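> The structure follows.
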Amino acid sequence: MTIVGDIAAAPVARLPVAPSLAPVRAWLWATAALVFLMVVVGGATRLTESGLSITEWKLVAGVLPPLSDASWQAEFDAYKQIPQYSQLFPTMSLSDFKFIFYWEWSHRLLGRLIGVVFALPLAWFWLRGYLTNRMKWQFSALLALGGLQGAVGWWMVKSGLAGRVEVAPERLATHLLLASITFAALVWLAVGLRPKPREAATSGQRRIVKVLLGLTLVQIGLGALVAGLRAGLTYNTWPLMDGRLVPPMAHLTALDPLWRNLFENVTAVQFDHRMAAYVLLGLAIWHAVAVSGSTTTSVRGRARALAGLIVVQAGLGIATLLMVLPEGRIPLAPALLHQAVAMAVLAMATIHARRLAQR
């Protein structure tokens, strides 16, 4: 047999085939959807004054709600010890307490579910060789971020258990911002796992998209401060605030030291939220117009979708403001829709920025 024949007869070594990343993408999108739902349920928890109804953090025992009359009464008695009950709801019945309890319990249960849905598939993908070293670091960081979110949630709740009747607005903003960053990171990674050719856009257009993403996160944080301070109940007219487009400087800087106005001044916080909305809306429309004739169809479509979502979100914000009820309450449905569309804006801004960042 010739040497050539020996070579031809030898088995051909096959290179290992990398597993498809489609299951990983589906897992990331599913987790992102759960985080989206978590934010909406969190908004309902806040709007129904339910967030302080569970006064302890029980990682395992808290999975189940009270299962007996005695257990329900014990939970209600614990709630009666905090200022919110004595100062805001002293006539609350046990049935009313069960209503707010179930909102907070659902919120916490969903947080546990997200942890399981993320951690278990992560371990499976890791052991089966689906993940590169870079992906392992990225997903581990996301897992740590989820754990931090749980700790911040309890830190937020603790601020309302003594000395005040609601959670601290800056802690509420931190809690929502962490959830939003987690959601954006999940979307960013999911989009990045489907490689596509680099899209035509100028460096300036790419920078603007990153600015839009950053401004969206800032606006979400400002919205959380407005919610935490109930600022929408103080100035529920538009486009003027108490008859002025710009409130008096003395009102905007009423607190000392000056930095406190950014987080604790009802007038300043709502004014900042309105001004940031105008900037975000104007920049998104300008970007959509700027790319209309200079890039690909996909870039133009995403820019228009982002601008359209921000227009809808601004309209919902104004409508929610004007729909404040006479008894000083915000209707649940438009307020939750406003929060949900904010996350949709964040998703679109993230997708747009990720696509333009791909090389």
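> Consider only pairs whose beta carbons are under 9 Å apart and that are at least six residues apart or on different chains; among these, list those whose first residue lies in the stretch 117-134 and is more than 16 Å from Leu189 (Cα to Cα) and whose second residue is loosely packed, with under 11 Cβ neighbours inside 10 Å.
Close Cβ pairs (under 9 Å, with a partner that is loosely packed, with under 11 Cβ neighbours inside 10 Å) amount to Gly129/Pro16; Gly129/Ala18.
> I'm trying to understand the selection: among the residues of the stretch 235-265, which are surrounded by fewer than 15 Cβ atoms within 10 Å (Cβ to Cβ) and either among the aromatic types (Phe, Trp, Tyr) or in contact (Cβ under 8 Å) with a residue 40 or more places away in the chain (or both)?
Thr237, Trp238, Trp259
> Out of Val246, Val291, Val266, I need the residue that is closer than 21 Å to Ala349 by Cβ and not hydroxyl-bearing (Ser, Thr, Tyr). Which one?
Val291
> Shifting gears a bit: Considering only residues that are among the hydrophobic types (A, V, I, L, M, F, W, C), in a loop (DSSP other than H, G, I, E, B) and closer than 16 Å to Ala290 by Cα, which ones fall in the stretch 191-213?
Ala200, Ala201, listed by residue number.
> Out of everything in the stretch 52-88 that is surrounded by 15 or more Cβ atoms within 10 Å (Cβ to Cβ) and either in contact with an Asp or Glu (Cβ under 6 Å, 6 or more places away or on another chain) or among the polar types (S, T, N, Q) (or both), what residue ends up being farthest from His175 (Cα to Cα)?
Checked the stretch 52-88; the qualifying residue farthest from His175 (Cα to Cα) is Pro66.
Quick grid of which residues meet (1) modelled with pLDDT of 90 or more; (2) farther than 29 Å from Glu56 by Cβ:
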position	(1), (2)
Phe125	yes, yes
Met135	yes, yes
Gly163	no, no
Pro197	no, yes
Gly232	no, yes
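> Looking at Thr237, Thr182, Thr216, which one is in the same structural domain as His338 (by TED's automatic domain parsing), hydroxyl-bearing (Ser, Thr, Tyr) and assigned to a helix (DSSP H, G or I)?
Criteria check complete, one pass: Thr216.
> Here's something else I'd like to know. Does the stretch 79-93 contain any residue that is touching a Gly at 6+ places or on another chain (Cβ under 9 Å), touching a residue at least 60 places away in the same chain (Cβ under 8 Å), over 15 Å from Gly150 (Cα atoms) and not in a helix (DSSP H, G or I)?
Yes: one or more hits.
> Here's a follow-up. Name the residues in the stretch 236-271 that are among the charged types (D, E, K, R) and either in contact with a strand residue (DSSP E or B) (Cβ under 9 Å, 6 or more places away or on another chain) or under 18 Å from Gly223 (Cβ atoms) (or both), would you?
The one that is among the charged types (D, E, K, R) and either in contact with a strand residue (DSSP E or B) (Cβ under 9 Å, 6 or more places away or on another chain) or under 18 Å from Gly223 (Cβ atoms) (or both): Glu264.
> A further question follows. Output the residue which, of all residues in the stretch 266-305 that are in contact with a His (Cβ under 6 Å, 6 or more places away or on another chain) and more than 18 Å from Ala224 (Cβ to Cβ), is surrounded by the fewest Cβ atoms within 10 Å (Cβ to Cβ).
Arg302
> Now, a different point. Part of a helix (DSSP H, G or I) and either under 30 Å from Arg206 (Cα atoms) or touching a residue at least 24 places away in the same chain (Cβ under 8 Å) (or both), is that true of Gly232?
yes
> Among the listed residues Ala173, Ala201, identify the single one that is crowded, with 16+ Cβ neighbours inside 10 Å and at pLDDT below 85.
Among Ala173, Ala201, only Ala201 is crowded, with 16+ Cβ neighbours inside 10 Å and at pLDDT below 85.
The values are calculated or read from the model by the stated rules, or taken from the named source; none is laboratory data. Everything numeric here is computed off the predicted structure, so don't read it as measured data. When we count neighbours, we look across all protein chains shown, and the Cβ atoms used for this are built from the backbone with ideal geometry, even at glycine.
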